[in-house]
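Please treat every number below as a calculation from the coordinates, not as lab data. Since the structure is predicted, the reported quantities are computational estimates derived from the model, not experimental observations. Every residue, glycine among them, receives a Cβ derived from its backbone with ideal geometry; neighbour counts consider all protein chains shown.
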Amino acid sequence: MRKDGTILLFFILFSYCLYAQDDLNKKGSAYCSMKKSNAPVVLKRLSDNRVVAHPFNVLKYTLDLNLYQCYLAPYPKSFNGSNIIRFRVDSTLDNIRLNAVNSSLIIDSVSLAGVSFFHTGDTLTIQLDQTYPVGDTVDVKIYYRHRDVHDYAFYVNSGMLFTDCEPEGARKWFPCQDRPSDKARLDLTAKVRAGVKLGSNGYLADSVLVGDTLWYHWVSDENIATYLVVLSSKINYNLDIIYWNKISNPSIRIPFRFYYNPGEDPSAIKNILPVMVTWYSRNFTEHPFPKNGFATLNSDFSWGGMENQTLTSLCPGCWNESLVAHEFAHQWFGDMITCRTWADIWLNEGFATWAEAFWYESYAGYDAYKADIDQDATDYLNSNPGWPISDPDWAINTPASDVLFNYAITYAKAACVLHQLRYVLGDTLFFKSIRAYCDNPDLKFQSASIHDFNQTVNQVTGEDYNWFFEAWIFQPNHPVYQNTYNFQNGGNGQWEVRFFARQVQSNAGFFKMPFEISVRFHDGTDTLVRAMNDINNQQFVWFFNKQPALLQFDPHHQIVLKGGSTALNVEKPQYKNPVASLLQNTPNPVSGKTVIHYTIAENREVALDVFNGTGGMVIKGENAFHIAGEYQITLDFSDLPSGIYFYKLTTGDETITKTLMVTKK
């Protein structure tokens with residue numbers, strides 16, 4: 001994947017940050033984060049959000065919406081609609097519960113013989129006409145109205161109407177099972193006034209004009225998450241259409257629709273998009289949808305973009321290369337394969353942010369890619385709030401938007417972790433893993449967890465990379481190295497390079513990681529060695545037949561998420577065999593009690609305590625003098641909330657730290 005390129009070329013081509021907005025120095029991912037994290041309201045959480053599993057699976061939504069009045073002054077936000085929900089019964093049931101926000105939606109009736117319903121607490125409960133067995137398919141039709149309210153999901157303003165739903169806004173404009181784990185097909189018909197152009201998901205099945213009334217019929221045969229369902233429309237919208245020929249069958253032309261406001265010029269993006277589609281298709285999997293497109297909105301959507309499936313929303317005038325590269329990558333990572341829960345958001349935003357850098361690599365070379373990744377690392381290190389990329393509690397309780405879409409963690413650090421995986425695996429295995437993930441028939445057009453991607457990497461490589469994901473995804477912060485090295489003359493022209501790898505961070509456990517060392521010799525030559533640092537306070541010794549002059553740790557800055565230093569130790573370091581060993585707790589994850597085993601080789605004072613992600617002690621385990629031997633301790637985590645914790649074994653000047661996960665059922 002590496003191409004010739006220079007930093008100079010990179011900065012010449014790095015004109016993507018020239019926005020028409022207030023801050024001219026933001027990346028596309030930064031604008032995406034600003035838009036999502038600065039949501040004007042905190043969405044209400046349903047009381048049943050704690051139940052991730054549910055007894056039915058939605059197969060299809062059929063929406064029929066009368067939006068005609070929304071385009072006429074005074075531009076009301078009210079409309080009438082119906083929604084046929086087809087679902088498969090997964091557990092015997094006689095009622096279903098749907099998400100439908102009371103302050104936005106009025107439920108008029110439900111069409112199914114003998115049913116009753118009640119709508120309270122933002123939940124629509126429908127009592128079915130009978131008890132249905134597992135495997136049955138049921139259709140329920142709901143007649144409803146949207147109130148004339150501004151709910152930050154359904155927007156109407158002076159002839160423009162659009163929706164914006166991530167993470168849980170779809171429930172404000174149609175009753176649904178509003179979780180990313182439950183994807184379904186979509187059939188949407190919208191009645192509008194003549195002169196309105198309206199885009200939505202999937203392909204345009206037909207549009208029928210009768211007098212002053214126009215009906216659009218959009219169909220998505222590919223499953224879609226509710227938060228990715230979109231309407232983008234406007235009176236006298238500009239619309240351009242270009243086509244991309246599929247790689248596998250050039251006779252098939254995929255339309256790309258560009259909706260834009262008067263005075264805007266999307267021509268630059270129209271020119272580069274076919275090349276971008278081909279680049280992503282060759283490296284991920286072929287473009288997966290029958291149509292795609294972009295729509296700029298109005299000042300109600302003032303920042304960044306939103307990766308609605310096959311029709312991305314952009315802020316007004318934001319025909320910007322970086323933003324488009326980020327949002328368009330979501331069509332693979334987030335749309336084709338959607339995060340199963342919000343704890344899996346790395347699969348969406350981490351991949352799309354990394355893809356921005358990867359797009360620059362396509363035409364400016366690896367140096368341009370790496371410069372963008374380095375900027376991500378700097379953004380993370382400067383603004384790290386100290387929580388992990390994935391918190392298991394987010395799978396149950398949706399966090400606040402400024403946490404879920406925090407730029408430093410969900411975007412910048414997340415992209416850097418993907419880069420570090422590329423470094424660990426090497427290009428061949430890394431891109432084979434990406435393609436295997438995208439081509440997995442069990443995941444394509446479905447939802448995936450981080451564990452699914454982890455397992456894909458393990459299967460492609462034939463190795464166990466769980467350690468990588470546990471360290472970089474599920475624990476917070478990053479390694480802080482305090483490395484030392486020493487050159488020793490062994491005589492007869494032989495030299496020893498002794499390197500001592502040490503991590504000193506107190507707010508995270510140990511980060512296992514391969515590292516590179518560059519050794520420069522007095523004759524001007526140099527060599528690169530690579531080793532695996534799999535325990536803390538680890539000694540490495542290399543032998544050379546010429547005199548070393550300089551040593552650099554991680555000379556190409558591949559471990560971009562790190563701090564600390566590497567210094568020459570003029571005294572020959574004294575390396576000790578470890579006195580203690582610490583095993584992983586069982587069970588892990590834990591919801592109640594867990595057992596920790598450890599061994600000490602000498603009589604020592606021993607302390608074993610548990611800390612949270614910010615370094616605060618939450619359980620004081622042991623603090624006693626032990627004779628040499630094997631020990632175990634049982635700790636109870638019943639009173640602690642879900643999250644990542646660290647347990648530390650301290651024996652004199654030696655400390656060993658491991659990570660555990662608490663998940664409440």
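Extension gain for S383-V541 works out to 53.2 nm (0.36 nm per residue, less the C-alpha to C-alpha distance). Pairs of Cα atoms nearer than 8 Å and 6+ residues apart set the relative contact order; for the chain it is 11 percent. Site pair I235 and D136 shows an inter-label distance of 4.8 nm when each label is modelled 7 Å from Cα along Cα→Cβ. A simple spin-label model places the labels of H597 and F625 2.8 nm from each other, with each point 7 Å out along Cα-to-Cβ. Assuming charge only on the beta carbon of Lys and Arg (+1) and of Asp and Glu (-1), the dipole of segment 480-568 about its Cα centre is about 140 debye to the nearest 20.
With a threshold of 32 Å on the Cα-Cα distance, the over-threshold entries among K27/K141; K172/K370; K246/K512; K172/K658; K183/K658; K35/K197 are K27/K141; K172/K370; K246/K512; K172/K658; K183/K658. Summing Cβ point charges (Lys, Arg +1; Asp, Glu -1) relative to the Cα centre of segment 580-662 gives a dipole of roughly 220 debye. For A531 and S581, the FRET efficiency from 1/(1 + (r/R0)^6), where r spans their Cβ atoms and R0 equals 25 Å, is about 0.75. I need the fraction of alpha carbon pairs in segment 580-662 separated by more than 21 Å, rounded to a whole percent. Result for the distance tail: 23 percent.
Placing unit charges on the Cβ atoms of the charged side chains and taking the dipole of segment 331-377 about its Cα centre, the candidate lying farthest along the positive direction among A377, C339, T353 is C339.
Treating r as the C-beta distance of M617 and T120 and R0 as 45 Å, the FRET efficiency rounds to 0.55.
With the gyration tensor restricted to C-alpha atoms of segment 513-610, the semi-axes of the equivalent ellipsoid amount to 37, 18, 11 Å, longest first.
In segment 420-511, the convex hull through the Cα atoms has an average projected area of 8.7 nm², a quarter of its surface area. Projecting the Cα atoms of N588, H522, A549 onto the charge dipole of the chain, computed from C-beta unit charges around the Cα centre, puts N588 farthest toward the positive end. Given +1 at the Cβ of Lys and Arg, -1 at the Cβ of Asp and Glu and no other charges, the dipole of the chain around its Cα centre is 460 debye to the nearest 20.
Could you run the Debye sum over the Cα atoms of segment 180-273, one equal point scatterer each and no solvent, and tell me log10 of I(q)/I(0) at q = 0.16, 0.20, 0.21, 0.25 Å⁻¹, two decimals? Log-scaled intensity ratios, in q order: -0.84, -1.14, -1.19, -1.26.
Computed on segment 193-236, the Cα convex hull volume stands at 62 Å³ per residue.
For segment 523-605, GluC sites (Glu not before Pro) are listed when DSSP marks them as loop and at most 13 other Cβ atoms sit within 10 Å of their Cβ; the list is E571, E602. Projecting the Cα positions of Q475, L63, N320 onto the charge dipole of the chain (unit charges on Cβ atoms of Lys, Arg, Asp and Glu, taken about the Cα centre) puts L63 furthest along the positive direction. Which entry in (1) 86, 76, 51; (2) 97, 57, 43; (3) 80, 72, 48 is this structure's computed Cα extents along the principal axes in Å? It is the value labelled (2).
Taking 23 Å as the straight-line reach from the Cα of K546, the lysines in range (excluding those fewer than 8 positions away in the same chain) are K572.
Panel note: the C-alpha atoms of segment 480-568, placed on their principal axes, show extents of 45, 22, 19 Å (largest first).
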